[in-house]
């Protein structure tokens, strides 16, 4: 695997993260499962850790880091899902002259039963750190197809990302991961 040598302070060159949609989708599914209202590097890392035969598990194993321990650390950092957090407040909307039941009825007539809830469930924000991490990942990939190893390096390149902070607790740095990937048999 060809890795680009670049300083951490350099901004990524990627103009679009479209090739990284797979990772956004996986992260969004994980965020929804956990009841989060945003997709972050922690969600993408958590999904990638589930693939015990994947590039991330391999890198962590070579760095003597147990992927299960990283997963556990990630899980302990997530707040418990609050089912009341996502509720729409009909009284607050009424102060603006919006009748929630009228809106719900119109949506269901047009889009089917449960349309409001389905729409709200699909609206997740994307953490800026994840956008930046995926842009860095695309830079690492260069002309190659984007792979898990590039995403790992991208996440580690954003030190204030949740994934980088959790991995740093286990002594994993972008330099260590890059060296491990460069030394890996092809």
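A short reminder: the numbers here are calculations on the coordinates, not readings from a lab. Computed from a predicted model, the values in this text were never measured in an experiment. Here Cβ is always computed from backbone atoms with ideal geometry, including for glycine, and neighbour counts include all displayed protein chains.
Side notes on the structure shown:
- Where the alpha-carbon atoms of the stretch 144-186 are placed on the principal axes, they occupy 30, 20, 11 Å, in descending order.
- Fully extending the segment from residue 111 to residue 71 would add 10.6 nm, taking 0.36 nm per residue of separation and subtracting the current Cα-Cα distance.
- Cα-based equivalent ellipsoid of the stretch 33-72: semi-axis lengths in Å, sorted from largest, via gyration tensor: 21, 9, 8
- Note on residue 53/residue 91: beta-carbon distance plugged into 1/(1 + (r/R0)^6) with R0 of 45 Å gives a FRET efficiency of 0.30.
- When you count the other C-beta atoms within 10 angstrom of each residue and take the mean per peptide, 93-102, 172-181 line up highest first as 172-181, 93-102.
- The stretch between residue 101 and residue 179, if pulled fully straight at 0.36 nm per residue, gains 22.3 nm over its current Cα-Cα span.
- Sorting 28-39, 155-166 by their mean Cβ neighbour count within 10 Å, with the most densely packed peptide first, gives 155-166, 28-39.
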